[in-house]
Amino acid sequence: MSALGSAGLVAAARLLQAGQVCVGEPGDPTAAARLAAATHAPGLIVLDGSLPRYSLRRAQVGLVTAAQIDAFGNLNTTVLGDYDEPTARFAGPGLLPDVTAALPTIVLLPHRLAAFVERVDFVTAPGGLSGPLDRALVGLPGTGPIAVVTDLGVLRPDPATAELVLTDLHPGVTVEQVRAETGWPLEVSADLVETAPPSEAEQAALTSSAA
């Protein structure tokens, strides 16, 4: 069962397009890509993270997850707490820094206060760093997180500030619920929309994958 629920998987899948090549980490990222390929995005190719780094040259978008994400979309899959005396240590970056440096990236992550923090404990892969010009200044323009899809909604970086803002709410979820699980003062888009429920084709694909 997906940690994002059907609304989260569907929202992530809808961000992908027919014919794209994407790099997807195991779990929900790959599941979202396969859902897209089975419904509205025929010809979509999913490369997994075990492939060599040069395979990134073939891809147009990445799908990843993380242990922590902060207000600027910086990602942590390294440690929680102090690096030398962490409360938890993870397997490490894998291809995460390569994917976010090379590709526009969709982040899939359950929306919990412990994961959505004001500043990550360690920057494994940079998002907006700390402002709208920072990625360009370090030679990474046009790549990195373009959307963060959760079980509550979708966040996207504000072009003016690089800070993540709430742009989509899943059915039955309130802004207050999302803010309660976010570790910074979350702004809400003036054009906030509700995620459309799964179509018949999407629901059939979800049911088939769960069987």
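The values are calculated or read from the model by the stated rules, or taken from the named source; none is laboratory data. Note that this is a predicted model, so its numbers are computed, not measured. Note that each Cβ is placed from the backbone with ideal geometry, even for glycine, and that neighbours are counted across all protein chains shown.
General observations
One line per residue, one yes/no per condition, for (1) closer than 22 Å to Gln68 by Cβ; (2) aromatic (Phe, Trp, Tyr):
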position: Pro97; (1), (2): yes, no
position: Pro132; (1), (2): yes, no
position: Leu137; (1), (2): no, no
position: Thr150; (1), (2): yes, no
position: Asp158; (1), (2): yes, no
position: Gln177; (1), (2): yes, no
position: Trp184; (1), (2): yes, yes
position: Val193; (1), (2): no, no
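- Considering residues of segment 31-61 that are modelled with pLDDT under 95 and assigned to a strand (DSSP E or B) only, the residue surrounded by the most Cβ atoms within 10 Å (Cβ to Cβ): Val46
- Of all the listed residues (Pro126, Pro141, Pro197, Pro145), the sole one being out of contact with any Gly (no Cβ under 6 Å at 6 or more places or on another chain), closer than 21 Å to Ala32 by Cα and not polar (S, T, N, Q) is Pro197.
Yes or no, residue by residue, for (1) without any contact (Cβ under 8 Å) to a residue 12 or more places away in the chain; (2) in contact with a Leu (Cβ under 8 Å, 6 or more places away or on another chain):
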residue	(1), (2)
Gly144	no, no
Val165	no, yes
Leu169	no, yes
Val173	no, yes
Glu176	yes, no
Thr182	no, yes
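- Of all residues in segment 164-178, those satisfying the criterion of being surrounded by 14 or more Cβ atoms within 10 Å (Cβ to Cβ) and either touching a strand residue (DSSP E or B) at 6+ places or on another chain (Cβ under 8 Å) or in a loop (DSSP other than H, G, I, E, B) (or both) are Leu164, Val165, Leu166, Thr167, Asp168, Leu169, His170, Val173, Val175, Val178.
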